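**Student:** The structure under discussion is supplied below as structure tokens; questions concerning it will follow.
Any read-out appearing in this document is the output of simple, stated calculations on the displayed coordinates, not a laboratory observation. The shown structure was predicted, so the numbers you read here are calculated from the model rather than taken from an experiment. Here the Cβ positions follow ideal geometry from the backbone for every residue, glycine too, while neighbour counts run over all protein chains shown.
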Amino acid sequence: MIIAGSSGPRPPGASRAGDTDAGSSLLRVRGLRVTYRGEHGRAVALHGVDLDVPAGAVTAVVGESGSGKTTLAHALVGLLPQGGRVESGSIRLGGRELVGASERVWREVRGTHVGLVPQDPGVSLDPVSTIGRHVTDVLRAHQRVPRAAARELAVRLLTEAGIPDAAARARQYPHELSGGLRQRVLIAMATAARPALLVADEPTSALDVTVQRRILDHLDSLVTAGRTTILLVTHDLLIVGDRADHVVVMSDGRVVETGPVEKVFTQPSAQYTRQLLSDVPGRTDVPGRADVPGRTDVPGRAGGPPARAVPKAPSARADGDGPAANTPLLAVEGLRLVYPGHGPAWRERPPAVADVSFALAPGATLGLVGESGSGKSSIARMVVGLVRPTAGTVRIDGEDITGASGARLRALHRDVQMIYQNPFSSLNPRFTVEEIVTEPLRNYGILERTERRQRVAELLDSVALPADSARRRAAELSGGQRQRVAIARALALTPRLLVCDEPVSALDVTVQAQILSLLVALRESHGLTYLFVSHDLAVVRELADQVAVLHQGRLVELADTQRLFAAPREDYTRNLLEAIPGRRRRTRQAASDAPTAPTAPAPSGPSADEPTTGPAR
Amino acid sequence: MAEHEAGPGAAPAVRRMAAARRMAAVRRIAVGRQAALARRIAQAVAVVWAAFTVTFLTVRLLPGDPVALMLTGSNGFSTPTAEQIAEARSRLGYDHPLVVQYLRALADATHGDFGASIQTGRPVSSMISEALPSTLRLGAAALVLALVVGTAVGLLANLAPLPFLRQALRSLPAAGISLPSFWVGLMLLQLLSFRWHVFPTLDGSGPRQLVLPACTLALPGAALMAQVVGRSLHDSLHRPWADTLRAAGLAPGRLLVAHGLRGAALPALTVLGLLVGNLIGGAVVVETVFSRPGMGLITQAAVGAQDLPVVQGVVVVAAIGFAATNLVVDLLYPVLDPRLRGGPAAVGVAG
């Protein structure tokens, strides 16, 4: 066959190991300056970036949002978004200069010399074209291939990318595939014409950890087999530590530090790199989590029901089953939820939540952990009364609030508040911070106008926002500031239980660390109890006393955080823990010295627990 | 899904049970599909019935006596006596209570009988069946024209080599929509028929006579189609998946034709459904301007003369056309967009 047979242009002796001599650079970027058209002239996104990508290795570009790493990735495939422009500098790929190249040259380069694995598999495939069509279109863009032959080749490429039963999959549409499989399709497309360089832009940040691991394994295997070189763009330092040979740290459109991963991770020279490394969740244990004294109730509930003194409760109870010694603040029993479906077959569907029970003592924090579709967010929504459970009860402080509505639901929300995942969509961008924070007070008719102003100042102070931010609009704030405002809003009614639905997963690591420590501080100062929903085990580990692991709507394991991480009892939990990046830590030595013959790598196919069909949206 | 129990190691009995369950699920979905189709058809029938009822009531509640009007003649020559009017009323059944009249009219209408025209005395059904083919030809020609021209303009507005050309093509639809069709029709007649004799004027029913009226009728639809298709294509070029395909080396033209057009098919279909509704109104204007016999001309005359049976018949035929179009459009959505198919695919393949 035309394309799949040859293994592409690659220096034969290229090794996996990290030798930095620039002589073997496949890609060399010098002084790359990129600007975007903005309101006030052109804004600079990249201030002269230098970058060397040695052939046959994984080079990671790491940075926070706004660091310019995605702009860099797009500049390398010549597809800057509208308004973007390369001002100066040089991009040499395999000796060919690409800055200033014509669109025709670029079209030939894209796909055959450099491929792009995009970020979000959910939106990166044409929803009305079949999987096979995507791959054949790419093949036919570069070669004159008859339709039937292209189809055959596409199936082979999909099989290589680790898609089981590729012939049948090729006839399916993107929405019929899970996120992991879609990402494999994207990899098959990017590698179809055997490019020497693969730019992977956050290839797994939209995926669950277990799927993420398999996708990264697959990308690894492509490099190990000597088939390509990868430039891995990511925000996740743990992935960098696991997967990359070289790392380039970016901040504010500049390269801050560069070098072999071992060196940068152990002896970071730039202050920024040190900060980034220290903010990685799960690295530091939040001090004093074990010996938190039993907290008593909230001081000074403004206008609320009289403060109830809660007797000292051990903040972490053993293993979570059996009745609590005192009335738990939140008790969930036999919770079950089946979402009504469209067709008449919806009764066949597995429930989103199946018979989940747990209890949460005042002052404690329970982490609800699971992959997407595990039912963790559904539980959170039922606890807050946004969704009515199909069966089971939710008790707050002993009172059954299941299916509460109207006045009872309103009363419930004085005690239970929620913080949402995405601070960009959970706040009205046109409201001022003061309006946002006082909205619950106005809704419940609490406090006079002047007192409210006083209260806003207090609340902003407690989330460490300057008092003058009250007049700013949500749209003017950064993600971290917005999430602080969202927390202040949740605290306005002095609730006792805060349900946090992935409160930090939309934020950069450094901001993540700040918000997490804020949540810890608030728990102490306001006597809060948290139900903390997250897909990120490392984050949960920092905050929770107990962790409940969910899988397909069922409670797999519920245990003290320490115990769960040290000695998981269930296979599923173990699997989940092993998939957390940051555990491989350079255990790989692989094919560093034996440049293997270009045999096809064993595709690391999805294992049984990778769902083959995604939820149809 | 229940299938995962039937893994390779499962006992045959278990596997059989799973297979039976799967069959049952597929059958239930098939039944569900039929039920959904029946519901859609019932909706369409309800639309037609509502159109019938509303016209019946509005025409009856309008001031003016159609019977007196009929006897007077539209130009008011003779003055009928009170007896003559009463006799005509009872002959036409206008002396019964409104409810009885309504139920009778409804019962007759279900058999395709809308009574006789007050103006001419001929059965409404035969008037309509004579006029309908000409209007259908006109409408079909206009629809095809609108679809083809609209898509072409929409495509070119994104593909044309020069930026200023794209810009010009992009502003074309706005111009097309703002031209009144009677004016366009008169201009075409004036220039192409009277001055240059390219197309025959007026009467006759050959295909050459169809060209000018069809163009006139198609213009607003083509403009709307060009707008919708052009915008949808433009949007699709800015979707993340377009970047994926571009990054893999696809040329923009291929991207638009192979992927963009499929995505544009859905909004285009929606517009097409609406256009059918507009064509009925448009036919009145165009057939009047070109004095083409057809439904439009009948409607215009009937409304002017308060010829209730004819108006009633025309409205019902139009409503049937509109409801049927929407039914077809609804059924076509899942054909064009795989995400709307649901059901069997998910059950059948996931195991």
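**Student:** If neighbour count is taken as other Cβ atoms inside 10 Å, put A:T432, B:T135, B:T53 in order from fewest to most.
**Tutor:** The fewest-first ordering by Cβ neighbours comes to B:T53, A:T432, B:T135.
**Student:** To continue, here is another question. I'd like to compare A:531-538, A:148-155, B:80-87: which one has the highest average count of other Cβ atoms within 10 Å, and what's the full order after that?
**Tutor:** A:531-538, A:148-155, B:80-87
**Student:** Still on this structure, I have one more. For segment B:124-304, what is the charge dipole size about the Cα centre, in debye to the nearest 20, if Lys and Arg each add +1 at the Cβ and Asp and Glu each add -1 at the Cβ?
**Tutor:** 520
**Student:** Ratio to report: Rg/Rh of segment B:124-304, with Cα atoms as the point set and Rh obtained by the Kirkwood method; give two decimals.
**Tutor:** Ratio of gyration radius to Kirkwood radius for segment B:124-304: 1.08.
**Student:** Could you tell me the center-to-center distance, by alpha carbons, between segment B:118-180 and segment B:304-321 in angstrom?
**Tutor:** 23
**Student:** Across the residues of A:117-130, average count of Cβ atoms on other protein chains within 10 Å?
**Tutor:** That average works out to 5.
**Student:** Can you compute 3J(HN,Hα) from phi for each residue in segment A:531-536, using the Karplus curve 6.51 cos²θ - 1.76 cosθ + 1.60 with θ = phi - 60°, rounded to whole Hz and x for Gly and Pro?
**Tutor:** My calculation for segment A:531-536 gives 9, 10, 9, 7, 8, 9 Hz in order.
**Student:** Note down the relative contact order for segment B:124-304 as a percent, whole number, built from C-alpha pairs under 8 angstrom at least six residues apart.
**Tutor:** The value is 32 percent.
**Student:** While we're on this one: Per residue of A:133-142, count partner chain C-beta atoms within 10 Å of its C-beta, then hand back the mean as an integer.
**Tutor:** Partner Cβ neighbours, averaged per residue: 4.
**Student:** Post the alpha-carbon centroid distance, segment A:111-181 to segment A:188-232, in whole angstrom.
**Tutor:** 15
**Student:** On to the next question. Between Rg and the Kirkwood Rh of segment A:159-265, both from Cα atoms, what is the Rg to Rh ratio?
**Tutor:** That ratio equals 1.00.
**Student:** Which one, B:S193, B:L169, B:L147, is farthest towards the positive end of the dipole of segment B:124-304 when Lys and Arg carry +1 and Asp and Glu -1 on their Cβ?
**Tutor:** B:L169
**Student:** For segment B:95-152, report the convex hull volume of the alpha-carbon atoms normalised per residue, in Å³, without decimals.
**Tutor:** 128
**Student:** While we're looking at this one, here's another question. Over segment A:51-128, calculate the relative contact order: mean separation of alpha carbon pairs under 8 Å at least 6 apart, over the residue count, as a percent.
**Tutor:** With pairs under 8 Å counted, the relative contact order is 18 percent.
**Student:** Here's another thing I want to ask about it. So what's segment A:114-171 giving for Cα Rg divided by 2.2 N^0.38 Å, two decimals?
**Tutor:** 1.11
**Student:** Determine, for each peptide in A:167-178, B:88-99, the mean count of other beta carbons within 10 angstrom over its residues, then list the peptides with the highest first.
**Tutor:** Top to bottom by mean Cβ count within 10 Å: A:167-178, B:88-99.
**Student:** Measuring from centroid to centroid over Cα atoms, what is the spacing of segment B:247-275 and segment A:375-401 in Å?
**Tutor:** 44
**Student:** Sticking with this structure for a sec: Could you pull out every residue, at least 5 positions away or on a different chain, whose amide H is within less than 5 Å of the one on A:E557? Hs are placed 1.01 Å off N in the peptide plane, and Pro or chain starts have none.
**Tutor:** A:V549
**Student:** Please order A:H40, A:H113, B:H234 by the number of other Cβ within 10 Å, starting at the fewest.
**Tutor:** A:H40, B:H234, A:H113
**Student:** Taking only Cα atoms of segment B:200-306, what ratio of Rg to Rh do you get with Rh as the Kirkwood inverse-distance radius?
**Tutor:** Ratio value, two decimals: 1.21.
**Student:** Of B:F114, A:F358, how do they rank once you tally other Cβ atoms within 10 Å and put the fewest first?
**Tutor:** Fewest to most other Cβ atoms nearby, the residues stand as A:F358, B:F114.
**Student:** Amide H to amide H, which residues 5 or more places from A:V353 or on other chains are under 5 Å from it, using H placed in the peptide plane?
**Tutor:** Here A:L337 satisfy the definition.
**Student:** Here is a follow-up. Could you work out the relative contact order of segment A:146-242? I mean the mean sequence separation of Cα pairs under 8 Å and 6+ apart, divided by the number of residues, in percent.
**Tutor:** With pairs under 8 Å counted, the relative contact order is 26 percent.
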